[in-house]
Every structure is written in C-alpha cells, then in structure tokens.
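Readers should treat all values here as calculations from the given coordinates under stated rules, not as data from a laboratory. Small disclaimer: the values here were computed from a predicted structure and weren't measured. No Cβ is skipped: glycine too gets one built from the backbone with ideal geometry, and neighbour counts run over all protein chains shown.
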Amino acid sequence: MPLTIRDLPTDLRPTERLTYAGSGALNNAELLAIILGSGGPGENAIRLAERLLSTFGTLTKIRQASPEELCQLHNIGPTKAAQIHAALELGLCLIATPHQTRRILQAEDAAAHLMPEMSLLEQEELRVISLDTRNHIINTTSLYKGSVHTAVIRVGEIFRDPIRLNASSIILAHNHPSGDPKPSHEDTHTTRMIHDAGNLLDIQLLDHIIIGHHNFSSMKQLGLGIG
C-alpha cells in the first residue's frame, strides 16, 4: 500500500501544520505533498514531492513539464500529474487576476504587478497597461506573443484599448525569456517610436519595463526612448 501523509506523526503532517501554522510555514515539498496526497511503494508523499523538486529543480520547471515527462518519475501517474498541473495553473491564474484598483506610481509598482506571471513566460510577450488620470490601472492588454520588435508592432494596436478606455497614460512591459532584462537597441527604438506616437495622441508613455527572471529594467530610469 502507498505510504500517505497520515503515516507521519501528527506534528509532522503538512495538512495539520498548514491548519494551525498557515501555508507560510510549509516549504514547497510539503505543499506539493498535500497536492499529491500519497506517495507510492517505499515513500510517502513528502519524499515523492522532494524527489519531484530534485528532478525538475523548480516549481516553474515542473509547471512547464508535460504530463508525459512528469509520469516518467516513479510513483507519478496520470492522475498525480494532472493534480500537479491543476494546482500550479490555479496559482498562476491567481497571480494573473487583474488588480484594477492598483495604483502605478513608479516602475517598481508596474514590475510588481506583472513580474510574478511574466517572468515565467517561455516566449516574449508585450503588454500594455492603461492608466487613468490618477495612475490607477484601467486594463492590461497582451499583444505580440513570440516577437516584440519594431517590424511587427503597429502603433494603432498599442493604443487601441487605451483610446477606447479613455486612458490618460500607458506603461509598456515585455519579458526577456533569457532572464536578462538589459534593453536592446531594438527595445530603445521601439520605445521611442511608441513614445512619440503617444504624444500625438495625448496619451503619455510613462515607462517601458523589461522583465527578466526576478528582476527588471526601466527604460525611463535608464533614459532610453522616453523623453
């Protein structure tokens, strides 16, 4: 019979610890163990979760793994693979839920709004944050998945939603899947082009942030493309 979390002493069971100490008291392996529910022959759920993390390295890598890749791990079958993917996708959906009342006053605010999700993206993607006169978020639009450069960007698409929503200003954001947020010459040229178009439309481009892995760059702070 598979060993379950119930086989552990009460004070070591992740489910009980989560109840009385909160989720912050548990490490990633213990949280994964709760999702898994049981281990398999010779190991309980915590040991299986630890092996899962050891094999793939991070939760991000586990999320990116296919069900077939997860099932290659001993004691992980289709049901457990589906449970893992469902839990991690729910977490991502929670992060991606728009905070329409959030106020963006500086690049760090915009990065905090988008980085948890965009730093995990495997392809480059451009997003436009529309802001009202008090810099509260009205809407966030995703554009240009897979390629973000001047040749494919159409100014009309950048400003379509901001104009429709009567936005006062916008912030652009795109990610570098390599993890390095250093702006390229193409990033600078694109930013300058959109900044100039915004001035004509009376919609100010406040900043263009580039998101890496747990870090970001601000084109405004770097003095690139935004006057």
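Using the Cβ of residue 163 as centre and a radius below 15 Å, the other residues enclosed give a net charge of -1, where K and R count +1 and D and E count -1.
With bins 5 Å wide beginning at 0, the percent of Cα pairs of the stretch 107-222 falling in each bin runs 2, 13, 26, 26, 21, 10, 2. The label point for residue 189 and the one for residue 66, both projected 7 Å from the Cα toward the Cβ, are 3.7 nm apart.
Each residue, residue 133 and residue 201, gets one label point 7 Å from its Cα in the Cβ direction; the gap between the two is 2.0 nm. Of all complete DSSP H helices in the chain, those with a Cα span along the helix axis of 15 Å or greater and a mean Kyte-Doolittle hydropathy of 0.5 or more are 45-56, 78-96.
Here the spin labels are modelled as points 7 Å beyond Cα on the Cα-Cβ line, and at residue 155 and residue 58 they lie 3.7 nm apart. Along the Cα-to-C-beta direction of residue 145, a point sits 7 Å from the Cα; which residues of the stretch 51-66 have their amide N less than 20 Å from that point? The answer is 60-66, whose backbone nitrogens lie closer than 20 Å to the label point. Bridgeable lysines around residue 61 (alpha carbons under 25 Å apart, same-chain partners fewer than 8 residues away excluded): 80, 145, 182.
Just to be sure I understand: with springs between alpha-carbon atoms less than 10 Å apart, which residue in 171, 210, 163 has the highest mean-square fluctuation in the Gaussian network model of the chain? With Cα springs under 10 Å in the chain, the top fluctuation among 171, 210, 163 is at 163.
Scoring 39-52, 191-204 by mean Cβ neighbours within 10 Å over their residues and listing the highest first yields 39-52, 191-204.
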